[in-house]
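This report concerns only the one structure given below.
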Amino acid sequence: MNYAETYQKSLTDPEGFWREQAALIPWFEAPEAILDQDETGLWRWFRGGKLNTAYIALDQHVLAGRGESLALIYDSPVTGVIQKYTYAELTQWTARVAGGLTDLGVGKGDRVVIYMPMIPETVVTMLACARIGAVHAVVFGGFAAPELALRIDDAKPKVVVSASCGVEFDRVIPYKPLLDSAIAQASHRVEHTVIVQRPQLKAEMIQGRDHSWASWLEAAAPVDCVPVDALDPLYILHTSGTTGKPKGVVRDCGGHAVALNYSMQAVYGVDVGDVYWAASDVGWVVGHSYIVYGPLFRGCTTVLYEGKPVRTPDAGAFWRVLAEHRVKTFFVAPTAFRAIKKEDPECALKAQYDLSHLQYQFVAGERLDPATYHWLKSNLPGIPIIDHWWQTETGWSICTNMVGVEPLPIKAGSPTLPAPGYDLRIFDEDGVALGANTEGAIVIKGPLPPGAFVTIWGDHKRFTESYWQQYPGFYLTGDGGYRDDDGYLYVMGRMDDVINVAGHRLSTGQIEAVVADHQAVAECAVIGIEDADRGQVPVGFLVLKDGIQIDPLTLQQALVQMVRERVGAIANFKRALVVQRLPKTRSGKILRQVMRKMIDGEVFTVPSTIDDPAIIDELRERCLQEGVVNK
Ligand code: COA
Ligand code: AMP
């Protein structure tokens, strides 16, 4: 079947389409239904099916005689280690870690928070949770203690697994003090932690609560895979929404396994024995889907890279890994290539490496700007540069060029066409479908395909209200864009207050909550403005309380420090401007999108509901003075 037939079948006969894909994974018990709705009207895939995610990722390959094939390559230029693990080794290790978790009282449905750097223990802990039916909630290592505390309180874990430190370029980042502080701030009581003591730094342990990974594992006995229901949760992954409180995206086991297994071949063109590398972080959805689960489901070798695109040791780092491990498909965020391009504009370092195994270059996580696309195209001749668009919520690509089905012509700036099961529409504010070349809200007609999220942890109301309420029956992606005459999608950016900083999804509300906490600040707006390196960076606009006298630079420094401590350095919050007033509607809503477009030099319409249109000009003047306006 070509792409058009494949896609059509997925819409006209979704059950038939996904039944075929479901047959490719090993079930302990086949599903009773492929697709149906529960009593609340929620669509569910593969009800009644029994399976185990770790079994699909590991054991099935060993049982099929592929135990000696490479499952994981850990490549860590920051520590100088390269370590390879076969499927048999990873299975045995996972079974032991699962046993260790069981010893700490973790059972099916219990949560385990994982706050760890990019080390093999992280992957194994995720798989060990899956092995015993426990639900993992991985927290990206770049988040500060209060963000970790929020996630601990939301997930209420029995155990937190962490490490003594991470390594960022040549800097050792102690994790344990952050973990201790988060546990102290959280209301939920964490009974046990397990800490990987890394050679770079030894963490102080709290007797009775903290267990050292090495001795804990030594005492553990391996345990078998626990069959779970297809509808049981596999993991929670917190992501930024429009408010300061992160949303715990919940993925179920059945749909996840079927969709990711399918996507490896159909989307990425890889199969058993191929080497696949997603240079992301396990703390993000890309890491979950395509460092850990997807490649292992399909029997590929996955690369776990603890390094950066540059300075580890140079801007040739990616080319070195691609060549050394013979990677066939590579996936990374455009921001990483912008970092390389800045340091090695001619891409001279690539010449030292043999990239003959590389067949596909995928990018996602943020808009692929034309300059980066053309730079990649000219420096990777003959290799398709494939932009694909997806979200934490969907777990795999919504729009992509399906090289394993039928490679389609690439149009710069577009992630091509919808993947199977995604019935896209572009809506105006009233829910009227817009024709070609007209920009609006990108929505997806329900049901979403397998692998997409099924609820928000502990807050199903938020799931309904945030995603399904505005246009009933349609999932609101939060992104705006249009389709051209050939149906190719162009994603123009978020329509809400979510921003994307160096491939990291953040909420401006999250940062605003911190800024507003400063005693001098009466009110504030944080917006994400265009940035040549990081895609977007947040900038704060603040109005001071009456009578406050404070040096603006001192205030800015204090706010920058507060955001680093409470959200994390990854927020890249560096600028805060004091202004006289903020543009608002008469009902008091701050016009953040108007501010952003004005600063980025985009066309914008001032809503008729604005309180005082003069504020926009006033603000523009101020931004020009401060050099904040982009164009
Ligand atoms: N743990 C602790 N701190 C972290 C961290 C982590 N995992 N990741 C980033 N940070 C810190 C950085 O050290 C830096 O701190 P500093 O301000 O004290 O220097 C800060 O957060 C900002 O980081 P970042 O914006 O990432 O800048 P950088 O210079 O460290 O790296 C890139 C730039 C482009 C190399 C990096 O942003 C990158 O690789 N991005 C891709 C992200 C990605 O893959 N996202 C997944 C989407 S698919
Ligand atoms: P995350 O949930 O962290 O994966 O971030 C999802 C958001 O990143 C999307 O809603 C988009 O705004 C943005 N995004 C991801 N991939 C792309 C892409 N290929 N093009 C444009 N934006 C993207």
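Laboratory data are not the source of any read-out in this text; all were calculated from the coordinates shown. Keep in mind that what you see is a predicted model, and the values were worked out from it rather than measured. As a convention, Cβ positions derive from the backbone with ideal geometry for all residues, glycine included, and neighbour counts pool all protein chains shown.
Could you point to the residue in Phe169, Val567, Val501 farthest towards the positive end of the chain's charge dipole, with +1 and -1 charges on the Cβ of Lys/Arg and Asp/Glu respectively?
Working it through, the farthest residue towards the positive pole turns out to be Phe169.
Which longest run of the chain has no exposed loop site in it, a site being chymotrypsin sites (Phe, Trp or Tyr not before Pro) in a DSSP loop with at most 13 other beta carbons within 10 Å, and the site itself not part of the run? Mind dumping the intermediate values first?
Working: sites that count: Phe28, Phe169.
Counting only loop sites that pass the neighbour cut-off, the longest clear stretch is 170-631.
Given Val579, Gly478, Thr335, which one lies farthest toward the positive end of the charge dipole of the chain, if we put +1 on the Cβ of every Lys and Arg and -1 on the Cβ of every Asp and Glu?
About the Cα centre, the residue reaching furthest to the positive side is Val579.
Under 1.5 on a/c is rounded, so check that first for region 82-226, then, if it is not, pick prolate when a/b is larger than b/c and oblate when it is not; a ≥ b ≥ c are the square roots of the alpha carbon gyration tensor eigenvalues.
Values: a/c = 1.64, a/b = 1.18, b/c = 1.39.
Taking the square roots of the gyration eigenvalues as a ≥ b ≥ c, region 82-226 is oblate.
Compute the whole-percent fraction of alpha carbon pairs in region 344-495 spaced more than 18 Å apart. Mind showing how you got there, number by number?
Working: 7070 of 11476 pairs.
For region 344-495, the share of Cα pairs beyond 18 Å comes to 62 percent.
According to the square roots a ≥ b ≥ c of the eigenvalues of the Cα gyration tensor, what is the shape class of the chain, taking rounded for a/c under 1.5, prolate for a/b larger than b/c otherwise, and oblate for the remainder?
Values: a/c = 1.43, a/b = 1.23, b/c = 1.16.
It is rounded, given that a/c, with a ≥ b ≥ c, falls under 1.5.
Do any trypsin sites (Lys or Arg not before Pro) in region 38-113 lie in a DSSP loop with no more than 15 other beta carbon atoms within 10 Å, and if so, which?
Passing both the DSSP loop test and the Cβ count: Lys108.
Once the dipole of the chain is set up with Lys and Arg at +1 and Asp and Glu at -1 on Cβ about the Cα centre, which of Val223, Pro552, Val286 lies farthest towards its positive end?
Result: Pro552, furthest along the dipole toward the positive end.
Could you give the size of the charge dipole of the chain about its Cα centre, using +1 on the Cβ of each K and R and -1 on the Cβ of each D and E, expressed in debye and rounded to the nearest 20? Could the numbers behind the result be given before it?
On the way: 59 positive and 75 negative charges, 169 e Å.
The calculated dipole for the chain is roughly 820 debye.
With loop defined by DSSP as not H, G, I, E or B, and exposure as at most 13 other Cβ atoms within 10 Å, which is the longest segment of the chain clear of exposed GluC sites (Glu not before Pro)?
Working: sites that count: Glu32, Glu39, Glu68, Glu191, Glu204, Glu346, Glu429.
Counting at most 13 other Cβ atoms within 10 Å as exposed, the longest clean stretch of the chain is 430-631.
Kindly give Rg over Rh for region 498-626, based on alpha-carbon atoms, with the Kirkwood expression for the hydrodynamic radius. If you can, show how the numbers build up before the last one.
Details: Rg = 14.1 Å, Rh = 15.0 Å.
Rounded to two decimals, Rg over Rh is 0.94.
Rounded, prolate or oblate: which fits region 402-447, taking a ≥ b ≥ c as square roots of the Cα gyration tensor eigenvalues, rounded meaning a/c under 1.5, else prolate when a/b beats b/c?
Details: a/c = 3.67, a/b = 1.61, b/c = 2.28.
It is oblate, given that a/c is not under 1.5 and a/b is not larger than b/c.
Among the lysines, select those whose C-alpha is under 29 Å from the C-alpha of Lys50, and discard any that sit fewer than 8 residues away in the same chain.
The qualifying lysines are Lys9, Lys108, Lys156, Lys158, Lys247, Lys445, Lys461.
State, as an integer percentage, the relative contact order of the chain based on alpha-carbon contacts under 8 Å between residues 6 or more apart. Numbers along the way, then the final one.
Working: 1390 pairs, mean separation 72.9, N = 631.
Relative contact order for the chain comes out at 12 percent.
Restricting to bridges with both residues inside region 462-599, how much of the DSSP beta-bridge set is antiparallel, in percent to the nearest 5? Write down the numbers at each step before the final one.
Values: 21 of 25 bridges.
Among the beta bridges of region 462-599, antiparallel pairing accounts for roughly 85 percent.
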